[in-house]
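Take a look at the structure set out below.
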Amino acid sequence: MITKLDDPSMYGYIKDTGHALRNAYKERALFCDPFVDLMKSHDFKRVYLVGSGTSYNASLYIATLFQRYCKVEASAGFPTRFDESDIATSGAYRPDQVLVIGVSQSGTSVSTIDVMRRAHEAGFYALALTDVMDSPVTESVDSAIRLLTGKEEVHVETRGYQVSLFEGYLLAMSAGHALGTIDDATFEARLADARALAEAYDHLVEQADAWYDENVFELMALTRGYVCTYGINVCTAEEAELKMNETYHKPVRGYELEEMIHGPHYALDENNYSFFVAPDGPGIERVPSFLKWYEDNKITEHVFVVTNGDHKGQFGPKSICFEEAIPDELTPLAMAIPFQIISCRNCINAKIDTRYRPANRTSFAHLD
């Protein structure tokens, strides 16, 4: 059952996310079964995922999993960039081999609705992932599948982002298993990983809260920053950038680890905050050389590392190392938590109400 908070707040939705993940796992047949049926009844070779804001960031993650486990060509993009050129490049496939998935938690995103209409008209299969099954986006698609996010009364979506990742993971695994690209043993192991993550989620939030308490004064002084990562956590850098900008109103940019040193590093100075998202697994061996470069060149003291597994203390006293051993494909759900906590609790301390919408700000991106 999806929780309807009595007193909605950003912090409340962060705290409720573990419950939402456990509910999504329990009710996974609701969204996995129709997606499996769709994938088995069609010969999809190309998948586009489109969405804006948090939905775009989640789409980056889901597209990667579709490629890994469903063995289809998949990519994520902004709706406004899905135009005639995308339709033209799909020429390698028949229209019936192309699946376009519009991700919209509310189902009211204007640009996503437009893409789904055009995709349908081009002969592609148009699928909506939305929490609201009678929303406008469902009127322009071939079918819709439920996102079990629940409505967030606060416009800064946190619970919805995490549930979208989690549901995307389960969709990819279930479809891969049904299509024969994942064997029975691997599928059961992946499901067990998802369940374990959902069960451990509340403790992950507790650890992020404790880390914030230890660094609160420095984090409150944040002026501008970089979030650098690698691999499947590209979505984490993008989501951290979005959340910290739209809440605490400080400029933050997300980068793939190496891309940070191709020009942007010239903007670094002692006032910059650098966050390295370094999940345990392939890629983490690259992080120490970057930290050493910061130290040798005396760039800034505001350097934080977000990691997990057996790396406690390896990256200095300002790092957070989640105790849990989390499979690579699920690390984005953990790595996003510290940035949600910073965004939320910095605002609480600064008396910025994340529920506030300017009275004279008319809706533009969403239908009323």
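The values are calculated or read from the model by the stated rules, or taken from the named source; none is laboratory data. None of these values were measured; they are calculated from a predicted model. Note that each Cβ is placed from the backbone with ideal geometry, even for glycine, and that neighbours are counted across all protein chains shown. Just so you know, the surface numbers come from the protein's heavy atoms only, side chains and all, with ligands and any DNA or RNA stripped out. Shrake-Rupley method; radii C 1.70, N 1.55, O 1.52, S 1.80 Å.
Can you run down the residue pairs with Cβ atoms below 8 Å, 6 or more apart or on separate chains, where the first is in the range 276-293 and more than 21 Å from ARG253 (Cβ to Cβ) and the partner is of a type in the set (Gly, Ala, Ser) and part of a helix (DSSP H, G or I)?
The qualifying pairs are GLY281/GLY231; PRO282/GLY231.
In the range 197-212, what count of residues is obtained for those that are over 11 Å from ARG22 (Cβ atoms) and among the hydrophobic types (A, V, I, L, M, F, W, C)? It would help to see each step written out before you state the result.
So the first thing to find is which residues in the range 197-212 are over 11 Å from ARG22 (Cβ atoms), and the list is 203-212.
If we keep only those that are among the hydrophobic types (A, V, I, L, M, F, W, C) as well, we get 204-205, 208, 210-211.
Total satisfying the criteria: 5.
Select, from THR354, THR362, the only residue that is closer than 30 Å to SER9 by Cβ, modelled with pLDDT under 95 and open to solvent by 90 Å² or more (accessible area, probe 1.4 Å). Quick ask: steps written out before the conclusion?
On the way: THR354 fails: open to solvent by 90 Å² or more (accessible area, probe 1.4 Å).
After applying the criteria, what remains is THR362.
Contact list please: Cβ distance under 9 Å, first residue in the range 303-321 and in contact (Cβ under 8 Å) with a residue 60 or more places away in the chain and over 13 Å from PHE290 (Cβ atoms), second residue crowded, with 21+ Cβ neighbours inside 10 Å and hydroxyl-bearing (Ser, Thr, Tyr), pairs at least six apart or on different chains.
Between residues of the range 303-321 that are in contact (Cβ under 8 Å) with a residue 60 or more places away in the chain and over 13 Å from PHE290 (Cβ atoms) and residues that are crowded, with 21+ Cβ neighbours inside 10 Å and hydroxyl-bearing (Ser, Thr, Tyr), the close pairs are ILE320/THR307.
Where in the range 10-116 are there helices (runs of 4 or more DSSP H), lying fully within it, with 3 or more residues that are open to solvent by 40 Å² or more (accessible area, probe 1.4 Å)?
Values: elements: 10-26, 29-41, 54-65, 84-89.
By residue number, 10-26, 29-41, 84-89.
Yes or no: the range 250-258 includes at least one residue that is over 22 Å from ASN346 (Cβ atoms) and over 20 Å from the mean Cα position of the chain (by Cα). First the steps, then the outcome.
Going residue by residue through the range 250-258, those that are over 22 Å from ASN346 (Cβ atoms) are 256-258.
Those left that are additionally over 20 Å from the mean Cα position of the chain (by Cα): 258.
Yes - at least one qualifying residue is present in the range 250-258.
Here's the yes/no breakdown for (1) modelled with pLDDT under 95; (2) touching a Cys at 6+ places or on another chain (Cβ under 7 Å); (3) open to solvent by less than 40 Å² (accessible area, probe 1.4 Å); (4) not small (Gly, Ala, Ser):
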| residue | (1), (2), (3), (4) |
| --- | --- |
| ALA128 | no, no, yes, no |
| GLU139 | yes, no, no, yes |
| LEU165 | no, no, yes, yes |
| GLY168 | no, no, yes, no |
| MET173 | no, no, yes, yes |
| THR181 | no, yes, no, yes |
| THR186 | no, no, no, yes |
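Would you point out the residue of the range 117-135, among those that are among the aliphatic types (A, V, I, L, M) and outside any loop (DSSP other than H, G, I, E, B), that is nearest to ARG146 (Cα to Cα)?
In the first step, residues of the range 117-135 are kept if they are among the aliphatic types (A, V, I, L, M); the result is 119, 122, 126-129, 132-133.
Checking which are outside any loop (DSSP other than H, G, I, E, B) leaves us with 119, 126-129.
Details: ALA119: 20, ALA126: 14, LEU127: 11, ALA128: 8, LEU129: 6 Å.
Applying the filter and picking the extreme gives LEU129.
For the range 25-60, give me each residue that is among the β-branched types (Val, Ile, Thr) and closer than 13 Å to LEU171 by Cβ. Outline the logic, then answer.
Kept after step one, since they are among the β-branched types (Val, Ile, Thr), are these residues of the range 25-60: 36, 47, 50, 54.
Of everything in the range 25-60, those that are among the β-branched types (Val, Ile, Thr) and closer than 13 Å to LEU171 by Cβ turn out to be VAL36, VAL47.
Test each condition in (1) of a type in the set (A, V, I, L, M, F, W, C); (2) assigned to a helix (DSSP H, G or I); (3) more than 17 Å from the chain's Cα centre (by Cα) for VAL154 and report the one that comes out false.
The failed condition is (2).
Can you name every residue in the range 201-213 that is among the aliphatic types (A, V, I, L, M) and either within 13 Å of PHE339 (Cβ to Cβ) or buried (at least 19 other Cβ atoms within 10 Å of the Cβ) (or both)?
The first filter runs over the range 201-213 and keeps only residues among the aliphatic types (A, V, I, L, M), leaving 204-205, 208, 210.
Hits for the range 201-213 are LEU204, VAL205, ALA208.
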